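Everything on this sheet refers to the single structure shown next.
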Amino acid sequence: MARVLINFAHPALEKSRVHSQLLRVVKHIPGVTFNDLYEQYPDLDINVAREQQLLEQHDIIFMQHPFYWYSAPAIVKQWMDLVLEHGWAYGHKGKALTGKYFSNIISAGGSEHSYSLEGHHGHTIHDFLLPFIQTAKLCNMQYAAPFVLYGVHRQDLSDIQEDAAQLKQVLERLRDDKFDLTPLPGLANLNQLLQLPAQT
Amino acid sequence: MDQHSLLFQSMVYLAAAIVFVPLAKKMGLGAVLGYLIAGIIIGPSLLGFIGREGEDIMHFAEFGVVMMLFLIGIELEPALLWRLRSSILGLGGLQVVLSAAAIAGIAFLIGQPLNTSLALGMILSLSSTAIVLQTLNEKGWMGTSAGQSAFSVLLFQDIAVIPMLAIFPLLAGNAAPEATAHATSLRDNLPGWGQTLVVLGAVATIIIAGRYLVRPLMRIIARTRVRELFTATALLMVVAIAVLMNLVGLSSALGAFLGGVVLANSEYRHELESDIEPFKGLLLGLFFIAVGASIDFKLIMEQPWLIMGLVVGIMALKAIVLLMLGKIFKLSTDQNLLFAFALADIGEFAFVLLSFTHQTRLMSEEMTAMMTAVVAISMAMTPLIMLLYEKVIQPHYTRSEVKAEREADEINEKNAVIIAGFGRFGSMTGRFLRANGINATILDLDSDRVDALHNLGIKVYYGDASRYDLLAAAGAADAKMLIIATDHAEQTLEIVKIAQRYFPHLQLLVRAENNEDTFELMDLGVLHIYRETVDTSLRVGVDALRMLGTRAYHSERAARTFFRQDERSLKGLSALRDDKKQYISSMKERIDEMEKLITSDKIKTWVDEGQGWDPETLRDEIRGEKSDEA
């Protein structure tokens, strides 16, 4: 059993279409810890000890958030700045996160095609996620493929619910160690995991 | 017909009170003077709405004095009474003896018989409990050392009336017929030891009944849940004490005071207080009106110089005695002046004693009438004299001395921050700064608090921050900011004005109690105003929203937006308000204000802030493109 942690960040969930649907699912998966950052720290005053303890207690860590301006809402940056301390997460003595997997669950307005070299944004989503990828590396973690919901502005409720169901399956299988995790960093999107043969 | 006249009388009295008391207050004369003026105007000398029965009413209204002493007693801890014992016996005793001796001596020298002189001395040595205490209360001077001393003396005088009543028949000698009013007293037919026994018995009855009877009785009454029964019980208690005291020939005021002290520690104390209070107020008012009405202007007009001379002479004599005593008992100069001015008048007991001397033929009818006029005038003068003291004499002395007889502390530290007021508000700010390594020079006017904090190792200086010299001593010239967190709005404004005038470089961070204070501070140009409950109430609001399911971050932002909006509305209101400043304290005005604030809350835009997180326009645009493409 892998222990999965979702650090969720949305400053205005009450207006969100996508994440409110995703939360209906991910909040209630047994064995998956859901940590709502804006709800915990509405004043952005992050309890570093608590967050570090949560990280230590889990094997696979997701940051779930809307992909605002090719990045994350403010509290995610605040969280990274404060929680991933030198001497704990990185540096000569910073080995607390060694061997864990790190990734993002994000919703993007543009289509999958728009996030390509010839697309509207001119870069892949992986290019934009570089700060997260490199952060994971510096903290001795493996960056797994992100779970990306593309083109959410065009999606209807049923589309979103379908994505949510996929996310649920992915999380459950990760939890149950149904995958060989070594190919994870190579995937374009984490939902491709579902097409891989399940481990027995 | 009788009933009609009773109703008519009540109407005249009440209407006079309602017309003249607010007028007097408006003119800064105080309520007591207002009642007296009302009495003079409706009395036989001017309008004649009430006639000769004024004196009967006075006897009835004297019951107000009884109630007042009951209330004073109930507010007085026995421990405090014990602490005052030396000033009651020493100061009070000396005042009565010396004043009586001086007056009697002069009366004897100008040719009065010895016994009449002594009677006069005793009668005129007393001061008016009703007027003096009421005026001291009204001006908030009861807590001053002069107020305490005056109270002690008045208490002794109330006690002194008893032996005086006993001595008068002796002075009158055999020529006097048995006093009719006095004959009803139980004591008269008893030998000396029996009288003492009866008096002691009465006092013991009050103490024992107060201790053991009142509590179970109140509990039974409370169980009936009939509100007016409480009032009835409270009244019954005071009336019963008065009746008992009259029966044994003691002062009912004194008995009521004793009853009050006995009940001071009872759990029904506040209940009793609030029940008796309105009766006391009305009856005292009635009493003052009666005093005003009893001034016989015809008599005064016949011999104006003699009567005025007597009034001034007697009061001056009493004042001199009082000043001497105040000096001996170490009152500071301004307090001593207040003490002397307050007690220089002649009291309401003089009316009783004068009628008594008349009955015992100690004085002629003319003389009694004249002395009655003198007493009434001197009582009416008291509030005027106190007013004179307040307006002319007091301003010459520093304020702190009047408020509490403690000198400001010596200050020997210099900090960038000065905090004025270290109560529940200032202490929080001070502690926070201290926790962050910022030391502040702290000033406070509550001497008990200063001492208590001193014991905790926190340096707080006693002193009035609205005094220039104290601010200067606290290092205001070199400090960067002054945090004003005093409890009283008036004092806050004083400090702001002094600081702005003499230390304009200081940043002022000022606590405001409510919107009105805020407006006043805005008018003074204060930039940093902190309304004391705003943050807490909004925090309650935030928690309430969260508990009802709103997201935490949204709730916090909503509170901050609301706060900004509220400050803006307040500034708007402040500008509007400038035109009609004088009405701002009326209730209606406050409700209007609240209404304007609430209407401005409804502006919808503030709920929708944070558009960047909710790109509805973007979604519409993209969906539009899609349909265009299609």
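For GluC sites (Glu not before Pro), no site in region B:527-570 is both called loop by DSSP and has at most 13 other Cβ atoms within 10 Å.
Between B:Ile328 and B:Leu109, the C-beta separation translates, for a Förster distance of 30 Å, into a calculated FRET efficiency of about 0.75.
Taken residue by residue and averaged, Cβ atoms of other chains lying within 10 Å of the Cβ of B:553-559 number 5.
A Förster radius of 60 Å combined with the Cβ-Cβ distance from A:Arg50 to B:Leu388 puts the calculated FRET efficiency at roughly 0.30. Taking 1.567 mPa s as the viscosity and 4 °C as the temperature, the Stokes-Einstein diffusion coefficient of the protein assembly as shown based on its alpha-carbon Kirkwood radius rounds to 38 µm²/s.
In a fully extended conformation the segment linking B:Leu6 and B:Arg424 would gain 145.2 nm over its present Cα-Cα distance, using 0.36 nm per residue. For region A:43-76, the residues whose amide N sits under 15 Å from a probe point set 7 Å from the Cα of A:Leu130 along the beta carbon direction are A:70-71.
Quick one: ranking B:Val243, A:Val25, B:Val450, B:Val226 by accessible area, 1.4 Å probe, largest first, what do you get?
Accessible-area ranking of B:Val243, A:Val25, B:Val450, B:Val226, largest first: B:Val243, B:Val226, A:Val25, B:Val450.
Taken along the Cα-to-beta-carbon direction at a fixed 7 Å, the label points for A:Glu112 and A:Asn140 span 3.6 nm.
Within the accessible surface of region A:4-195, defined with a 1.4 Å probe on protein heavy atoms only, the carbon and sulfur portion equals 51 percent.
Taken along the Cα-to-beta-carbon direction at a fixed 7 Å, the label points for B:His396 and B:Trp613 span 6.8 nm.
Pair-distance distribution P(r) for region B:195-290, from all Cα-Cα distances in 5 Å bins starting at 0: 2, 13, 22, 24, 18, 12, 7, 2, 0 percent. Other protein chain C-beta atoms within 10 Å of residue C-beta, averaged over A:35-42: 4.
At full extension, B:Ile18 and B:Arg227 could sit 72.5 nm farther apart than now, given 0.36 nm per residue minus the alpha carbon distance. In the full protein context, the protein assembly as shown carries 49 Å² of accessible surface per residue, based on a 1.4 Å probe and ignoring ligands, DNA and RNA.
Length gained on full extension, B:Glu138 to B:Trp305: 56.9 nm, using 0.36 nm per residue less the C-alpha separation. Each peptide in B:60-68, B:204-212, A:135-143, B:356-364 receives the mean, over its residues, of other Cβ atoms within 10 Å, and ordering these scores from highest gives B:60-68, B:356-364, A:135-143, B:204-212. Per-residue shielding of B:540-552, expressed as the average number of other chain Cβ atoms within 10 Å of the residue Cβ, stands at 2.
Can you tell me how region A:4-195 classifies by the Cα gyration tensor, rounded, prolate or oblate, using a/c under 1.5 as the rounded cut? The shape class here is rounded. Taking label positions 7 Å along the Cα-Cβ direction at both A:Arg17 and B:Leu524, the computed distance is 5.6 nm, reported to one decimal. Among residues other than A:Thr124 with Cβ under 12 Å from its Cβ, the summed charge is -3 (Lys and Arg +1, Asp and Glu -1).
Going 7 Å from the Cα of B:Leu89 toward and past its Cβ, which residues in region B:251-295 have a backbone nitrogen under 19 Å from where you end up? Only B:258 pass the distance filter.
In this calculation the C-beta distance from B:Arg501 to B:Ser537 is compared with R0 = 35 Å, giving a FRET efficiency of 0.55. Of the listed pairs B:Lys330/B:Lys391; A:Lys27/A:Lys137; B:Lys139/B:Lys280; B:Lys26/B:Lys139, which have alpha-carbon separations greater than 20 Å here? Where the Cα-Cα span goes over 20 Å, the pairs concerned are B:Lys330/B:Lys391; A:Lys27/A:Lys137.
With solvent modelled as a 1.4 Å probe, how much accessible area in total do chains B and A shield from it at their shared surface, in Å² to the nearest 100? Walk me through the intermediate numbers first.
Numbers: alone 32740 and 10040 Å², together 40950 Å².
Roughly 1800 Å² of accessible surface disappears when B and A pair.
Of A:Glu162, A:Glu118, A:Glu85, the residue with the greatest mean-square motion in the GNM of chain A, using alpha carbon springs below 10 Å, is A:Glu118. Assuming a ≥ b ≥ c are the square roots of the Cα gyration tensor eigenvalues, decide whether region B:20-397 counts as rounded (a/c under 1.5), prolate (otherwise, with a/b larger than b/c) or oblate. Rounded.
Among the GluC sites (Glu not before Pro) in region B:245-348, those located in a DSSP loop and surrounded by at most 16 other Cβ atoms within 10 Å of their own Cβ are B:Glu267. Note on region B:311-405: with neighbouring protein chains present and a 1.4 Å probe, carbon and sulfur make up 67 percent of its accessible heavy-atom surface.
The values are calculated or read from the model by the stated rules, or taken from the named source; none is laboratory data. Computed from a predicted structure; not experimentally measured. Every residue, glycine among them, receives a Cβ derived from its backbone with ideal geometry; neighbour counts consider all protein chains shown. SASA here: full protein model, heavy atoms, side chains in, ligands and nucleic acids out. Shrake-Rupley method; radii C 1.70, N 1.55, O 1.52, S 1.80 Å.
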